[in-house]
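Trainee: Have a look at this one.
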Amino acid sequence: MKVLCYSSFTFSYLNRARVLFQTVRRFHPDWELVALMVDEPPPGFDFYPAMEPFDRVVWPGDLEIPNLRSWLFKHDVIEISTAVKGPFMRQACAAGAHDAVIYLDPDTALLADLSPLVAWLEDYDILLTPHLIEPNHERSAILDNDLSASKTGIFNLGFCAVRTTGEGARFADWWAERLLNFCYDDIPNGLFVDQRWCDHAPALFDRLKVIRDPGYNVASWNLSTRTVAIGKDGAITVNGRPLRFWHFTKLGPTGDAMTRRYAGGNFEVYEIWNWYKRQIDETTDPAIPARWWAYGVYADGAAIAKADRVLYRERADLQTAFPDPFQSGLGTYQQWLAEQPR
């Protein structure tokens with residue numbers, strides 16, 4: 001089976017993406033690896049894709065999205081990094097060069113091969129992993145994990161896999177349309193970027209498999225029901241099953257706090273996290289500023305407030321008047337905003 005594996009990220013996450021693609025390459029050297037880069041290189045950083053652990057880079061301009069500058073402006077960094085996932089998946093399915101397309105978040109890493117996943121794609125067209133596969137019983141875990149999944153989506157879209165034909169292609173087309181128009185962090189209105197949409201997927205599509213193997217998409221939100229063990233031979237298991245990939249979400253104090261809360265005395269978890277942190281340190285380029293994102297500022301370098309984006313996306317008249325809202329100077333959206341009464 002010919003497989004394309006891709007991840008979507010900005011340059012501030014290039015270190016994480018390097019670790020991801022290095023681990024994928026280790027176990028699956030025959031897969032095509034694609035970096036979906038929702039950014040522009042920061043000044044002073046020389047980006048040489050041929051030196052990176054992926055095969056090619058796809059930029060937003062390659063996705064054939066109408067009114068691209070306007071569309072980019074409507075999203076914050078998390079929203080846009082997820083919004084492009086659907087259009088690219090649809091494009092990859094339509095190209096017909098691969099049998100399957102797999103998405104993995106940049107902050108995931110493979111710890112074993114994904115051959116069982118590829119085997120599932122012989123029988124199913126869509127694969128999803130839920131945040132939870134076992135019920136929690138402790139009140140704190142229910143509050144942290146069950147209710148969080150109810151708000152942000154039953155499935156974690158840090159992973160998704162489809163066949164490029166049949167129901168997989170139909171899913172990719174539907175997901176692309178939803179993400180082009182409704183990929184926002186707006187929980188009060190039933191949206192959390194790409195995830196809440198996939199709550200509908202089991203009802204809308206046939207040949208969909210919900211992966212309930214505990215070795216897939218291990219993360220802080222499911223550690224309350226998963227026990228990690230490392231054998232004398234170095235093999236890592238989760239509830240007795242091989243650990244396939246880990247989702248190292250919220251690297252830093254928040255991730256550390258959630259890990260301590262639910263790993264407890266499962267010291268193997270800390271060993272895995274420490275390994276990942278070392279990998280990140282080795283792949284971090286100091287020439288990339290922390291939190292860099294080219295589309296986070298106007299042309300003059302002023303930060304774009306979330307409220308500026310929300311107002312723009314809610315008003316068609318502003319989109320018509322200012323087709324490139326990133327511009328600065330006379331007659332721009334930025335100037336118009338400055339002239340509005342506060």
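Here, each number is a calculation from the coordinates, and none is a lab measurement. Since the structure is predicted, the reported quantities are computational estimates derived from the model, not experimental observations. For neighbour counting, all protein chains shown are included, and Cβ atoms are generated from backbone atoms with ideal geometry for every residue, glycine included.
Trainee: Hey, if you drop one equal point scatterer on each alpha-carbon of segment 229-316 and run the Debye formula without solvent, what base-10 log of I(q)/I(0) do you get at q = 0.15, 0.16, 0.22, 0.23 Å⁻¹?
Mentor: Evaluating at q = 0.15, 0.16, 0.22, 0.23 Å⁻¹ gives log10 I(q)/I(0) of -0.78, -0.83, -1.14, -1.20.
Trainee: Please work out the C-alpha center-to-center distance from segment 1-42 to segment 216-238 and express it in whole Å.
Mentor: Centre-to-centre (Cα) distance: 23 Å.
Trainee: D for segment 1-67, whole µm²/s, Stokes-Einstein with Kirkwood Rh over alpha-carbon pairs at 25 °C and 0.890 mPa s: what number? Walk me through the intermediate numbers first.
Mentor: On the way: Rh = 12.7 Å.
Roughly 193 µm²/s, to the nearest whole number.
Trainee: Using the charge dipole of segment 297-338 (Lys, Arg: +1 at Cβ; Asp, Glu: -1 at Cβ; taken about the Cα centre), state which of Ala307, Gln327, Leu337 has its Cα farthest towards the positive end.
Mentor: Farthest towards the positive end: Ala307.
Trainee: Can you tell me which of 22-31, 199-208 comes out highest on packing, and rank the rest after it, using the mean Cβ neighbours within 10 Å? Each step should come with its number before you reach the end.
Mentor: Numbers: 22-31: 16.3, 199-208: 14.4.
The densest-packed peptide leads the list: 22-31, 199-208.
Trainee: Now, a different point. Over segment 119-204, what number does the Rg to Rh ratio reach, with both radii from the alpha-carbon atoms and Rh per Kirkwood? Intermediate results must be reported in sequence, preceding the final value.
Mentor: Values: Rg = 14.2 Å, Rh = 14.0 Å.
Value, to two decimals: 1.02.
Trainee: Any idea what the relative contact order of the chain is, in percent, if you count C-alpha pairs under 8 Å spaced at least 6 apart?
Mentor: Numbers: 564 pairs, mean separation 73.2, N = 342.
Once normalised by length, the contact order is 21 percent.
Trainee: Next up: Please name which of Phe73, Gln91, Pro202 has its Cα lying farthest along the dipole of the chain towards the positive end, using unit charges on Cβ (Lys, Arg +1; Asp, Glu -1) and the Cα centre as origin.
Mentor: Pro202
Trainee: Grab the DSSP H runs of the chain that are 4 residues or longer, score each as -39,500 (n - 2.57), total them, divide by all residues and round the 222 nm result to the nearest 500 deg cm²/dmol. Present the calculation step by step, with values, prior to reporting the outcome.
Mentor: Working: 13 runs with 120 residues, N = 342.
After summing the helix terms and dividing by the residues of the chain, the value is -10000 deg cm²/dmol.
Trainee: Whole percent per 5 Å bin, from 0 to the bin with the longest distance: what is P(r) over all C-alpha pairs of segment 297-338?
Mentor: Cα pair-distance distribution for segment 297-338, in percent: 5, 24, 39, 25, 6, 0.
Trainee: Provide the packing ranking of 216-228, 53-65, 282-294, i.e. peptides ordered by the mean count of other C-beta atoms within 10 Å per residue, highest first. Intermediate values should be presented prior to the final figure.
Mentor: Values: 216-228: 21.8, 53-65: 15.8, 282-294: 13.8.
Ranking the peptides 216-228, 53-65, 282-294 by packing returns 216-228, 53-65, 282-294.
Trainee: Can you tell me the 0 to 90 degree angle between the C-alpha axis of helix 166-182 and the longest principal axis of the chain, rounded to 10?
Mentor: Roughly 40 degrees between the two axes.
Trainee: Moving to a separate point now. If packing is taken as the mean number of other Cβ atoms within 10 Å per residue, what is the order of 95-105, 81-91, highest first?
Mentor: Working: 95-105: 19.7, 81-91: 24.5.
Averaged packing, sorted descending, gives the order 81-91, 95-105.
Trainee: In degrees between 0 and 90, to the nearest 10, how far off the longest principal axis of the chain does helix 85-95 point, with axes built from Cα atoms?
Mentor: Rounded to the nearest ten degrees, it is 80.
Trainee: Let me ask something else. Straight-line reach from Lys74: which lysines fall under 26 Å, measuring Cα to Cα and dropping same-chain residues less than 8 apart?
Mentor: Cross-link targets: Lys85, Lys151, Lys250, Lys306.
Trainee: Along its three principal axes, how long is segment 273-342 when you only count alpha carbons? Whole Å, largest extent first please.
Mentor: 50, 24, 23
Trainee: To test your reading of the geometry: what angle, between 0 and 90 degrees and rounded to tens, separates the Cα axis of helix 14-27 from the longest principal axis of the chain?
Mentor: Between the helix axis and the principal axis of the chain, the angle is about 40 degrees.
Trainee: Also, I was wondering about something else. Roughly how big is segment 1-93's charge dipole about its Cα centre, with Cβ charges of +1 (Lys, Arg) and -1 (Asp, Glu), in debye to the nearest 20? Walk me through the numbers before you get to the answer.
Mentor: Values: 10 positive and 11 negative charges, 55 e Å.
Approximately 260 debye in magnitude.
Trainee: Let's see if you can work this out: charge +1 on each Lys and Arg Cβ, -1 on each Asp and Glu Cβ, no other charges. What is the dipole magnitude of the chain about its Cα centre, in debye to the nearest 20?
Mentor: Values: 34 positive and 44 negative charges, 121 e Å.
Its charge dipole is roughly 580 debye.
Trainee: Using R₀ = 30 Å, calculate the FRET efficiency as 1/(1 + (r/R₀)^6) where r is the Cβ-Cβ separation of Asp199 and Lys2; round to 0.05.
Mentor: Numbers: r = 30 Å, r/R0 = 1.01.
Efficiency, rounded to the nearest 0.05: 0.50.
Trainee: I've got another one for you. If only Cα atoms are counted, what is the Rg of the chain, and what is its Dmax, in Å?
Mentor: Here Rg and the maximum Cα pair distance are 20.4, 67 Å.
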